[in-house]
Amino acid sequence: MTIFNLLRITNIVKKSSKLNLQIETYSTHIKYAEHKPLEKIRNIGISAHIDSGKTTLTERILFYTGRINQMHEVKGKDNVGAVMDSMELERQRGITIQSAATYTIWKEHNINIIDTPGHVDFTVEVERALRVLDGAVLVLCAVGGVQSQTLTVNRQMKRYSVPCLAFINKLDRMGANPERVLKQMRTKLNHNAAFIHLPIGLEKECQGIVDLVEEKAIYFDGDYGEKVRLDEIPQDKRTEAQERRHELIEHLSNVDETIGEIFLEEKTPSVIDIKQAIRRTALNRSFTPVLLGTALKNKGVQPLLDAVLDYLPHPGEVENTAILNEDTDGEGQNIILDAARDGKKPFVGLAFKLELSKFGQLTYLRCYQGVLKRGEYIFNARTAKKVKISRLVRMHSSNMEEVTEVLAGDIFALFGVDCASGDTFVNDNKLNLSMESIHVPDPVVSMAIKPKNNKDRDNFSKAVARFTKEDPTFQFRYDSDNKETIVSGMGELHLEIYAQRMEREYNCPVELGKPKVAFRETLMSSCSFDYLHKKQSGGAGQFAKITGILEPLPPHQNTMLEFIDETVGTNIPKQFVPGVERGFIDTCQKGYLSGHKISGVKFRLQDGAHHIVDSSELAFFLAAKGAVKDVFEDGAWQILEPIMFVEVVIPDEFHGAVLGHLNKRGGIITGTEGTEGWTTLYAEVPLNNMFGYAGELRSQTQGKGEFSMEYSRYSPCLPDVQEQLIRKYQEEMGLVPDQKKKKN
């Protein structure tokens, strides 16, 4: 290394230490600076249900690839924690809260990895990671199998057409049964899946794995399983290995023509034939190879890395499209982005995650096309703002490593770019491109929040501004009726974590009120309206008349609103119709029954009347509001509540007690499953009845039970719940005298 380079690195470190940033210089990973061809790049995500071993697996991958020198456990005795759990809260709780990005090298291939959370409360982290990744590793627990969050992750992979490998982890656990997990993958996830590995022993006897493609036994020697030893398949495993290899070829022949022909001709496919068939079918999502191992006991990780290189796509094999908005009316055509790393095409990147630090906003981007160099200018396609790139960094968990340029297929981060999650960036201002944004689920739980000390209001405002920008599922509003601040999120844990982060990161302790569920109000049967809005008392007046029907949408659409213009002729001029629609949508923000949003309603505008002078868009806006209020008084309305899909895993001995308590909470049991002393209960329970269930389950099962839940649908609530909500709302609004005040 030249003296000039040494001085340059010293200067970089000096400058960064002032900002208290951890910028590492390359040592073992100096090769990463070399620009690898597209075929030698993989962008993968590691996704799974809670406690399936995602972060432990990522820790092992980083160790075996030489990225870290020591391995630490997620909730280890040494209080260090895993590299990818950089937040102090993550290390204390032993869970992943934020997705973390890193990169490493394995067999001359650059692998960008994003480790994602398992809790449904942080589902948006998985959503945005899968949006920008080319492939994924679906981790399953050998005991738990396919669980509720596995189904969610599987749906997310399907939404973005992400090819995946399945890795059945925790073979060393008591009750490990990979055979059962494979059956669940086929029945519950509808995957055409087959083993490409077999275990050599399970639980305490777990010694290694059999590779069915290469027909070899693989053992992991050394203190940390770092020495991979190939050997002959043990005698007692040979028959099973032959049967499973035949089953693998059979599953491949159903979806791949080349293997299908070899199978029909009763020939034996070669190792290369099988590998190429697995790659082809994995890329088009028609087959899922299933690998085995135990990350905690250091077995099966290196073959998984080989499979990532062999079977998951490089950026050039994934078709990424953008919309070219050539017309002024917003209509555009889809164009396919070129992932070539020669820089001949203009730069196109997608901002998929924001993190606000005390030094400014850190924006994670994926480069889909072209090259971006330090010092260049880029444009936000949505706002047309111009930004100079002063620093380009690659992320290794919370550490940053500076680079001079990034190419197509790379995942990187920028400082000081003001944008929103899902914005598209280009380096040519004339290129009016936009990429498909990220799906953001609606929040289901709300709580009142306020700082414990009034002097902390400034810090509270800063914290809320930061967290709402970082996480689109964390929302904040001021309720003028109740004079309180409301935060909404994906669950109790979600809001609790943000409350703790406000205290730790902003020194602002907060109080959270009782959780409030996002109820909805809907119409039960069609109701017509004929409303005249008229104010003509001299000067410019207001006149608008509308007639039509308000009707309920079918149950599967009961979270939506629909507006249909059925007017014919000029009774309502077309320029006033958007005013009617805005009035309808605005009124639906707060219903008249319990103050919750109105949903599942279709507004059919059929006719009306206007005045040549006094009619305006505002008049029709107010007419629509009045029409909905009229229908509220005349029609039959009901309140909907969110129903959660709940999965409870408990020892058999507590089955009766837990079942009884779920019934008390209004749950409907939809299924049960039992395996070697453990029972899994599946139920649908109203979210309103699930608060405080974590503590109750722990006390019922001596701390052994665990549960997870995810949003399922909205459904009408029970009459007594509806009555209670209406009464509470009327008391708050002062429409009914409070009974307590009466007694006093």
| note | Residues of the stretch 674-695 being surrounded by 15 or more Cβ atoms within 10 Å (Cβ to Cβ) and over 26 Å from the mean Cα position of the chain (by Cα), in sequence order, are T675, W678, T679
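Which of the residues belonging to the stretch 134-183 are assigned to a strand (DSSP E or B) and within 26 Å of M644 (Cα to Cα)? It would help to see each step written out before you state the result.
Just the residues of the stretch 134-183 that are assigned to a strand (DSSP E or B), to begin with: 135-141, 145, 164-169.
Residues satisfying the conditions are L138, V139, L140, C141, G145.
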| query | Which one of these does F460 not meet: (1) in contact with a Cys (Cβ under 9 Å, 6 or more places away or on another chain); (2) over 26 Å from L362 (Cβ atoms); (3) of a type in the set (F, W, Y)? | reply | (2)
| said: Among the residues that make up the stretch 210-230, is at least one of them of a type in the set (D, E, K, R) and out of contact with any strand residue (DSSP E or B) (no Cβ under 9 Å at 6 or more places or on another chain)? | reply: yes
| task | Restricting attention to the stretch 654-673, report how many residues are more than 27 Å from the chain's Cα centre (by Cα) and of a type in the set (G, A, S). | result | 4
| note | Note on the stretch 558-580: residues within 38 Å of the chain's Cα centre (by Cα), closer than 20 Å to S526 by Cα and surrounded by 15 or more Cβ atoms within 10 Å (Cβ to Cβ) are N558, T559, L561, F563, D565, V580
| said: Please go through the stretch 650-664 and give me each residue that is surrounded by fewer than 20 Cβ atoms within 10 Å (Cβ to Cβ) and either in a strand (DSSP E or B) or touching a Pro at 6+ places or on another chain (Cβ under 8 Å) (or both), ordered by number. | reply: P651
| Index of the failed condition, G695 passing every other in (1) under 30 Å from A176 (Cβ atoms); (2) in contact (Cβ under 8 Å) with a residue 12 or more places away in the chain | (2)
| field | Contacts under 6 angstrom Cβ, first residue in the stretch 602-624 being in the same structural domain as N571 (by TED's automatic domain parsing) and surrounded by 23 or more Cβ atoms within 10 Å (Cβ to Cβ), partner aromatic (F, W, Y) and outside any strand (DSSP E or B), 6 or more apart | value | F603/F584; F620/F576; A624/F584
| task | Could you list, in sequence order, all residues of the stretch 506-545 that are of a type in the set (G, A, S) and at pLDDT 85 or above? | result | S525, S526, S528, A544
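When the stretch 362-384 is examined, which residues are found to be assigned to a loop (DSSP other than H, G, I, E, B) and surrounded by fewer than 14 Cβ atoms within 10 Å (Cβ to Cβ)?
G375, T383, A384
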| said: Against the definition (closer than 28 Å to S594 by Cα, part of a strand (DSSP E or B) and in contact with a helix residue (DSSP H, G or I) (Cβ under 9 Å, 6 or more places away or on another chain)), how does Y531 come out, yes or no? | reply: yes
| Members of the stretch 460-491 found to be crowded, with 19+ Cβ neighbours inside 10 Å and in a helix (DSSP H, G or I), listed by number | F460, A463, V464, R466, F467
| Name the residues in the stretch 614-635 that are outside any helix (DSSP H, G or I) and of a type in the set (D, E), would you? | D614
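Every residue, every condition in (1) modelled with pLDDT of 85 or more; (2) within 23 Å of L140 (Cβ to Cβ), yes or no:
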position	(1), (2)
G260	yes, no
E265	no, no
N298	yes, yes
Q302	yes, yes
D327	no, no
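Does the stretch 254-264 contain at least one residue that is surrounded by 19 or more Cβ atoms within 10 Å (Cβ to Cβ) and touching a strand residue (DSSP E or B) at 6+ places or on another chain (Cβ under 8 Å)?
Here is the first cut: in the stretch 254-264, the residues surrounded by 19 or more Cβ atoms within 10 Å (Cβ to Cβ) are 256, 259, 262.
This time we only want the ones that are touching a strand residue (DSSP E or B) at 6+ places or on another chain (Cβ under 8 Å), so: none.
Within the stretch 254-264 (the criterion being surrounded by 19 or more Cβ atoms within 10 Å (Cβ to Cβ) and touching a strand residue (DSSP E or B) at 6+ places or on another chain (Cβ under 8 Å)), the answer is no, since none of the residues qualifies.
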| query | What is the number of the single condition among (1) without any contact (Cβ under 8 Å) to a residue 60 or more places away in the chain; (2) of a type outside the set (D, E, K, R); (3) out of contact with any helix residue (DSSP H, G or I) (no Cβ under 9 Å at 6 or more places or on another chain); (4) surrounded by fewer than 18 Cβ atoms within 10 Å (Cβ to Cβ) that T404 does not meet? | reply | (3)
| query | K430 is checked against (1) under 23 Å from the mean Cα position of the chain (by Cα); (2) within 30 Å of Y368 (Cα to Cα); (3) at pLDDT below 80 and fails just one. What number does that condition carry? | reply | (1)
| task | Could you list all residues from the stretch 423-469 that are touching a residue at least 24 places away in the same chain (Cβ under 8 Å) and among the charged types (D, E, K, R)? | result | D423, D428, E436, D442, K450, K452, D456, K462, R466, K469
| query | Among (1) part of a loop (DSSP other than H, G, I, E, B); (2) modelled with pLDDT under 85; (3) touching a helix residue (DSSP H, G or I) at 6+ places or on another chain (Cβ under 9 Å), where does S86 come up short? | reply | (3)
| request: Please work out if V271 is of a type outside the set (D, E), touching a Phe, Trp or Tyr at 6+ places or on another chain (Cβ under 8 Å) and in the same structural domain as H109 (by TED's automatic domain parsing). | output: no
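The values are calculated or read from the model by the stated rules, or taken from the named source; none is laboratory data. Note that the structure is a prediction, hence the values are computed from the model and not measured. Virtual Cβ from ideal backbone geometry, glycine too; neighbours counted across all protein chains shown.
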